[in-house]
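Participant: Supplied in structure tokens, the structure appears directly below.
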Amino acid sequence: MSENCNHDCSSCGETCKDRDPKSMLQAPHEMSSIKNVIAVVSGKGGVGKSLVTSLLASSMQKKGYHSAVIDADITGPSIPKAFGIHEKAYANEMGLIPVKSRGGIDVMSINLLLDNDTDPVLWRGPIIAGAVSQFWTDVIWENVDYMFVDMPPGTGDVPLTVFQSLPLKGIIVVTSPQELVSVIVEKAVKMAEMMNIPVLGIVENMSYFECPDCKSRHSIFGESHIDEIAARHGIVSVSKLPIDPAIASACDKGEIEAVDAPWLAELSASLEKICN
Ligand SMILES: Nc1ncnc2c1ncn2[C@@H]1O[C@H](COP(=O)(O)OP(=O)(O)OP(=O)(O)O)[C@@H](O)[C@H]1O
């Protein structure tokens, strides 16, 4: 315990033995019904975390579940673009209503509340974390089976808020093969361990490129370290996604739901098992 402890865990970031992680859980909106909440994290930006979030939400929706996505990356929101969502969210007297993707996935993102998609959000950390909390407490999430939270990269204010205030089933860690990234990703894994949040799976994005002609595989960003990291932390589910120009193009066109993601089939199946 810090010597300056005022016994108000909500204003403190210390991980001490007196902290009750459940005590800071926030209730969702009274009209919400959410069965499973899973956060998607990365140690570093640009490794494909939003892509994996979108593909997982879409794969659970295609299995017949109702998916939802909270875009917790307030300063770099990319979920609406991946789903091709252009309309804005609205509020009624009860609360905020998420926007539905073409495939029926409920989405909330700061970009659905801003007048212009290109307007920057110039807020300090605690305000940003507060906005993410409000996506949980003030949005009416109806009959959601799987909610995926697309986190900002790293281990800052927002991950801390989400880890402490949402009833997470666990996290999925997204990484890429570069040595530096794999060092940083262990910080995210260790943060989850310190906060007693299970790591449900680890996804290595841009793991290889498969030649469309001869089908040989090339490790463009270097050799994979993912199996070693997973073994070191007892993480059972490991998925590897190729570099695929079709994926980049689907993201750019807002057609992520049209992408079939066979590489994530095992992870989706294990989410079904863990969460049912
Ligand atoms: N496997 C892949 N093959 C081709 N393009 C990819 C792949 N993964 C990601 N991309 C492209 O890389 C870009 C960044 O991906 P994404 O936005 O998912 O990263 P991120 O980790 O969420 O980034 P940030 O942390 O900055 O929000 C996107 O334009 C996406 O289309």
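Participant: Select from the stretch 76-102 the residues that are in a strand (DSSP E or B) and modelled with pLDDT of 95 or more and write down the one among them that is nearest to ILE140 (Cα to Cα).
Facilitator: For the stretch 76-102, the residue satisfying everything is ILE97.
Participant: Out of all the residues in the stretch 221-253, which are within 11 Å of the ligand (Cβ to nearest atom) and surrounded by 13 or more Cβ atoms within 10 Å (Cβ to Cβ)?
Facilitator: Across the stretch 221-253, the qualifying residues are PHE221, LYS240, LEU241, PRO242, ILE243, ASP244, ILE247, ALA250, CYS251.
Participant: Look through the stretch 117-155, keep the residues that are under 15 Å from the mean Cα position of the chain (by Cα) and in a loop (DSSP other than H, G, I, E, B), and return whichever of them is surrounded by the most Cβ atoms within 10 Å (Cβ to Cβ).
Facilitator: The residue in question is MET151.
Participant: Still on this structure: Kindly indicate which of VAL158, VAL185, VAL162, VAL189 is assigned to a helix (DSSP H, G or I), free of Cβ contacts under 8 Å to residues at least 60 places away in the same chain and either within 11 Å of the ligand (Cβ to nearest atom) or surrounded by 13 or more Cβ atoms within 10 Å (Cβ to Cβ) (or both).
Facilitator: The conditions single out VAL189.
Participant: I'd like to verify a number: residues in the stretch 103-116 that are closer than 24 Å to GLY156 by Cα and in a loop (DSSP other than H, G, I, E, B), how many?
Facilitator: Summing the residues that are closer than 24 Å to GLY156 by Cα and in a loop (DSSP other than H, G, I, E, B) in the stretch 103-116 gives 3.
Participant: While we're on this one: Go through (1) in contact with a Lys or Arg (Cβ under 9 Å, 6 or more places away or on another chain); (2) within 9 Å of the ligand (Cβ to nearest atom) for VAL99 and report which single condition fails.
Facilitator: Just one mismatch for VAL99, condition (2).
Participant: Another one. Taking the stretch 55-75 as the region of interest, how many residues are outside any helix (DSSP H, G or I) and either of a type in the set (Lys, Arg) or at negative phi (or both)?
Facilitator: Total satisfying the criteria: 12.
Participant: OK, next. Looking at TYR208 and the list (1) assigned to a loop (DSSP other than H, G, I, E, B); (2) within 16 Å of the ligand (Cβ to nearest atom), which single condition is not satisfied?
Facilitator: Of the numbered conditions (1) assigned to a loop (DSSP other than H, G, I, E, B); (2) within 16 Å of the ligand (Cβ to nearest atom), the odd one out for TYR208 is (1).
Participant: Given the stretch 211-276, what helices (runs of 4 or more DSSP H) lie entirely inside it while holding 1 or more residues that are farther than 25 Å from ASN196 by Cβ?
Facilitator: Because the criterion is at least 1 residues that are farther than 25 Å from ASN196 by Cβ, the helices (runs of 4 or more DSSP H) in the stretch 211-276 that meet it are 245-253, 265-275.
Participant: Within the set of pairs 6+ apart or on separate chains, which have a first residue in the stretch 246-263 that is of a type in the set (Val, Ile, Thr), a second that is not in a helix (DSSP H, G or I), and C-beta atoms under 7 Å apart?
Facilitator: Close Cβ pairs (under 7 Å, with a partner that is not in a helix (DSSP H, G or I)) amount to ILE247/VAL259.
Participant: As an exercise: evaluate GLY43 against (1) within 12 Å of the ligand (Cβ to nearest atom); (2) crowded, with 21+ Cβ neighbours inside 10 Å; (3) over 23 Å from VAL189 (Cβ atoms) and give the number of the one condition it does not meet.
Facilitator: Among (1) within 12 Å of the ligand (Cβ to nearest atom); (2) crowded, with 21+ Cβ neighbours inside 10 Å; (3) over 23 Å from VAL189 (Cβ atoms), GLY43 violates only (3).
The values are calculated or read from the model by the stated rules, or taken from the named source; none is laboratory data. Just so we're clear, the structure is a prediction, and the values are computed from it rather than from any experiment. Cβ: placed from backbone, ideal geometry, glycine included. Neighbour counts: every protein chain shown.
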